[in-house]
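Participant: Would you mind keeping the following structure in view while I ask a few things?
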């Protein structure tokens, strides 16, 4: 499981000064201690066993959601956390991140996202959908499985916010961090494996709430599925609670709090405890430092993982048939209903329920072509283009009816 | 080998016939019938998970090795990995559980079974724990 690495050069950490609340003197961060990423050859492992577990704060240098998810996964798979717990801090360029068993079409406006250059990603942990941008801080707490404790981690964050800015926050019954007026400032999820586990959460510092609202807007899309669904919740930024809260300071403040907290009892052990830990470290997530990272990243970025992994679903829409397509003596409105079954992101079947008047009118033959040309296609705009091509090769008396069906099909796929 | 399982030869191939479940230290159980094993999670595991909201089971035809991650169970906000107790090929998954994941909490040994495999290496069974060994294991700190 663990990989041994060739020891590289030491990365010097910039000094982050924090004013100690109690004694009002600056706490200069000691220069970063060298950390070998391997498990069995941990530097000072003898010391670690005698002194107990040590802690590190890793800060990712990447803002790419797929790279950061890959880094998180790499640590989960390869690192031995027995005597060394890690807090990973990371931020991403705008992205919507869905939970492992969710449906991206249901959780977000996929068309809107691609228009605005917002990525859509699927993480490995459970839970609901969140929106990330540079005003959001992600925290991942890594421990061996038996020392996993979401509550301890959230309490640590609350303590840091109180200590640095006097902010009073609480942990809700659903184990999210909320402000005094019960608006969510953080979302939490976890992955439990053996021997490793992680709990990760977001912290809304200064996120673009307008973009967040647009990206996550849900409306009735006619989708039926047993995928897990998000529970929408009103959110607020930390900077709304206190305008002095800034990302850089927050990183340091939470990092310090993490380092001074006992890994097992979760008690605050004071400033002196920090000197026994491994300190802060900037991480450059590349394949050179983390062999196999590129492969993990490619998987996270793949269509198959992001869309194909969705639990199977069907989507149904109905459309009123334009009068001109029906026979002249037709008095009532007629509806065309389309149900598309999607499994692993691919169209499995299409059910067209054609009103009798449309079907009877000069022999509507588009049905079979619709179904066969769509089956096996990825559930996307491309599928509709294929369909249109297939139907356009039919004889012209059928054209307007076929075009209508294609138009409806396109509506189903693109509007969700 | 325990008194409750017996070992017999059948046309040159060896089969284990177990009348009780065997357990892993990851809290999965497997019940063998000839060359087929039915896999599920123990009461301890389902209790620790909390209400299961989604079960992601391995697809039929998947080749799995002992201890491989082969699926996940999602409970409130935590996705827990499922590990395969023995090596084999998945021959069936429990559609009822996919439809109603709560079955795992309600009946983890009966209706809440997860998937069935055709064993490729029956000798691995020796490495698993019997029910009484598993019960002792639960009493130690190691779990």
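We did not get these values from a lab; they are worked out from the coordinates using the rules stated. Owing to the predicted nature of the structure, the values given are computational and were not obtained by experimental measurement. We place every Cβ from the backbone using ideal geometry, glycine too, and count neighbours over all the protein chains shown.
Participant: With a/c under 1.5 counting as rounded, go ahead and sort segment A:111-167 into rounded, prolate or oblate using the C-alpha gyration tensor (a ≥ b ≥ c being the square roots of the eigenvalues; past the cut-off, prolate if a/b is larger than b/c, else oblate).
Facilitator: Numbers: a/c = 3.59, a/b = 1.52, b/c = 2.37.
Note, shape of segment A:111-167 comes out oblate.
Participant: Shifting gears a bit: Using Cα pairs closer than 8 Å and at least 6 residues apart in sequence, work out the relative contact order for segment B:20-126, in percent.
Facilitator: Relative contact order, segment B:20-126: 30 percent.
Participant: Which distance in nm do the two modelled labels at residue A:114 and residue A:208 give, with both placed 7 Å along the Cα-to-Cβ direction?
Facilitator: Going from the residue A:114 label point to the residue A:208 one covers 2.0 nm.
Participant: Okay, moving on. Find the centroid of the Cα atoms in segment B:68-110 and in segment B:34-62, then give the distance between the two in whole Å.
Facilitator: Distance between centres, Cα-based: 3 Å.
Participant: Could you work out the relative contact order of segment A:241-342? I mean the mean sequence separation of Cα pairs under 8 Å and 6+ apart, divided by the number of residues, in percent.
Facilitator: Answer for segment A:241-342 is 16 percent.
Participant: From the square roots a ≥ b ≥ c of the eigenvalues of the alpha-carbon gyration tensor of segment A:162-253, which class results: rounded (a/c under 1.5), prolate (a/b over b/c), or oblate? Walk me through the numbers on the way to the answer.
Facilitator: On the way: a/c = 2.10, a/b = 1.32, b/c = 1.59.
Oblate is the answer for segment A:162-253, as a/c is 1.5 or above yet b/c matches or exceeds a/b.
Participant: What relative contact order, as a whole-number percentage, does segment A:90-236 give when Cα pairs under 8 Å and 6 or more residues apart are counted?
Facilitator: The value is 31 percent.
Participant: What FRET efficiency, computed as 1/(1 + (r/R0)^6) with R0 = 30 Å and r the Cβ-Cβ distance, is obtained for residue A:349 and residue A:61, rounded to the nearest 0.05?
Facilitator: 0.05
Participant: By the gyration tensor of its Cα atoms, with a ≥ b ≥ c the square roots of the eigenvalues, what is the shape of segment A:239-335: rounded for a/c under 1.5, prolate for a/b over b/c, or oblate? Walk me through the numbers on the way to the answer.
Facilitator: Details: a/c = 4.14, a/b = 2.49, b/c = 1.66.
Verdict is prolate for segment A:239-335.
Participant: If packing is taken as the average number of other Cβ atoms within 10 Å across a peptide's residues, how do A:256-266, A:190-200 rank, most packed first?
Facilitator: Ranked from most to least packed, the peptides come out as A:190-200, A:256-266.
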